[in-house]
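Taking it in order: structure first as structure tokens, then the write-up.
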């Protein structure tokens, strides 16, 4: 057991899979000699060489397209899109190519690749380098979408994503790269589509993803300590496949549902969860579900402004308290 | 139709027999398969049996035939939505192509892709991509795999003149050059970007060839209506790719006899342009060529009859085939064979 940062967990997960399978190759900007702008691929260039850790020009379409061509013909590429916002310049591959290739060829074409993305806000980078793009990814049938919140999940879910036969969008949260957590020694392989219940409580169910998991957990501790409100906190971990059974089972116990989403409100993943719970768990609900999200505006850069947008521990505590105690 | 008589003026050109009769007959047969199948696709559309859209390669057959004939088994083709020709040229049966266009159960992808997405991995046809430019990086990636693994196959990427103005063209060629990848980029310049003359929307006269120097590549501009020229150019580019010398960018001048898609009557063309190009119809050019090399016109006629018979039988089979089974609606979204995104 070792304490590892989230960023070191990325390189550990990649190294674990590259060691196991020579078909695993990396492609992206500054990922090789420079070790990645977020230092998430440090050491891999020296260990696996330039043939497997491939620095590219600033060409996101070429990165994703090349990853797809390599995946279709036998490799297991892991592409990096440095800032998730850059999906905007290569969206065709996310929208039209990766997810549809298998279906429209009647199963002939396979696309086993992973796209790692530096996702999310909190770093004061402004509107084009801070977005939470999970909704940009989850709307395309054929893609899988994963977002780990802890170093151990980074290793295990990254391994699962690389071994998965479908294209997987792997959203790493930029503001979590420096966070630390215990990671067991030896090979770690997790499972996509299994949510983690981080805390059990009978009063409310809080569903969160990525950095919001930490805020939801901190909020649940304060709710317990200050108001005696006992919450279940679910780390969804993967949006596709989505573990809706775990959410529905928890709502059946608590009768209350809160989602904590970093993305702008409109069409956030929480809306899909609320819709499913409304359809399939309606009579378990004691009150309307509540979505705690960023407002539907571009993310501003200044601390004082960005902090107002991204759901904070205070906002989660206050929203849940107001809903339960009022 | 019969073979045209030799023209005395052309007979003076020194004959080059580096290609040989077998390959030449193959080139001719492939062009005829494309011509007949594309014409049939159009006829079936007029009968409302081909639904959706379709983009024909009538007039551009020599490019598909020449590049395919020069390939080895295992080489990979990446096509655009104008991909019927390249799919047929790799040996995919006309019945499967027409069946796909008609939404029948005997279609190449059982109707799940349609005209613009013809794919036959077993024939090396790695897909037809309907988003302009998307497949240049994808072909580059397949070539990256070949180089990484030491495989000897070449990836060949076909696209139109309009594609040269989209960003992926630049990104893919630049990456292929710096990584010295075994990929051949083939621009079929048929003079029109959909409904607009390519010359009106491009900074240089030859949209691909005039840009080659920007990537440190040789300027290659060829007659795309002469299958021999295409075949020789392709062979050289493949040899270069297999020798580890990197990609080629080849611009083939040609002309589409039909509109951009089935919806386009092509009224934007200047009067007489189509007629002028039809004088250089690749099928006519090649019948002349065969005659010049002393191939008996009976041999040519036999091929014509055989091809027409294949396409007739394919048409009958497609008309008799049931519509695609709706059982496959939800299959193959994910690798587990199904479509479930949640538990």
Please list the radius of gyration and Dmax for chain B, considering alpha-carbon atoms only, with Å as the unit.
19.9, 75
How many percent of DSSP beta bridges within chain B run antiparallel, rounded to 5?
15 percent
Once the Cα atoms of helix A:60-72 and of chain A are each reduced to a long axis, what angle between those two axes, in degrees from 0 to 90 to the nearest 10, is obtained?
80 degrees
Can you bin the range B:105-237 into rounded, prolate or oblate? Criterion: square roots of the alpha carbon gyration tensor eigenvalues sorted a ≥ b ≥ c, rounded for a/c under 1.5, prolate for a/b above b/c, oblate for the rest.
oblate
Over the range B:21-318, calculate the relative contact order: mean separation of alpha carbon pairs under 8 Å at least 6 apart, over the residue count, as a percent.
23 percent
Considering Cα pairs under 8 angstrom that are at least six residues apart, work out the relative contact order of the range A:196-325 and quote it in whole percent.
28 percent
Roughly speaking, what is the centre-to-centre gap between the range A:85-139 and the range A:291-322 when only Cα atoms are used, to the nearest Å?
25 Å
Counting partner chain Cβ atoms within 10 Å of every residue's Cβ in B:169-179, what's the average?
4
Angle between chain A longest axis and helix A:6-20 axis [Cα atoms, degrees, rounded to 10]
50 degrees
If you take each beta carbon of peptide A:242-248 and count the beta carbons of other chains within 10 angstrom, what is the mean?
2
Counted neighbours (other Cβ, 10 Å), sorted fewest up, put B:43, B:281 in the order B:43, B:281
Percent of C-alpha pairs per 20 Å bin, the protein assembly as shown, short to long
18, 44, 27, 9, 1, 0
Inter-part gap, Cα centre of the range B:149-166 to Cα centre of the range B:317-339, in whole angstrom, is 30 Å
Output the direction-averaged projected area (hull surface divided by four) of the convex hull of the alpha-carbon atoms of chain A, in nm².
16.3 nm²
Compute the helix-to-body angle for A:269-280: its Cα long axis versus the longest principal axis of chain A, expressed 0 to 90° and rounded to tens.
60 degrees
Which whole-number value in Å³ per residue fits the convex hull of the alpha carbons of the range A:2-183?
100 Å³
DSSP bridge pairs, the protein assembly as shown: antiparallel proportion in percent, nearest 5
20 percent
With each pseudo-label sitting 7 Å past Cα toward Cβ, what's the residue B:229-residue B:309 distance in nm, one decimal?
3.5 nm
Can you give me the C-alpha center-to-center distance between the range A:154-174 and the range A:1-48, rounded to a whole angstrom?
13 Å
Run the numbers on chain A and let me know its relative contact order in percent, using alpha-carbon pairs under 8 Å that are six or more apart.
16 percent
Looking at the range A:2-183, send over the antiparallel percent of its DSSP beta bridges, to the nearest 5.
15 percent
From the square roots a ≥ b ≥ c of the eigenvalues of the alpha-carbon gyration tensor of the range A:196-325, which class results: rounded (a/c under 1.5), prolate (a/b over b/c), or oblate?
oblate
Please work out how much length the chain gains when fully extended from residue B:180 to residue B:72, using 0.36 nm per residue of separation minus the C-alpha to C-alpha distance, in nm with one decimal.
36.9 nm
Which of A:63, A:290 comes first, and how do the rest follow, when ranked by fewest Cβ neighbours within 10 Å?
A:290, A:63
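With a 10 Å Cβ neighbour count serving as the proxy for reagent exposure, in which order, fewest first, do A:279, A:85, A:203 appear?
The fewest-first ordering by Cβ neighbours comes to A:279, A:203, A:85.
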Place a label point 7 angstrom from the Cα of residue B:319 along the Cα-to-Cβ direction, then list the residues of the range B:70-90 whose backbone nitrogen is under 13 Å away.
none
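Any read-out appearing in this document is the output of simple, stated calculations on the displayed coordinates, not a laboratory observation. None of these values were measured; they are calculated from a predicted model. Because the Cβ atoms are built from the backbone with ideal geometry, glycine has one as well, and the counts that use them run over all protein chains shown.
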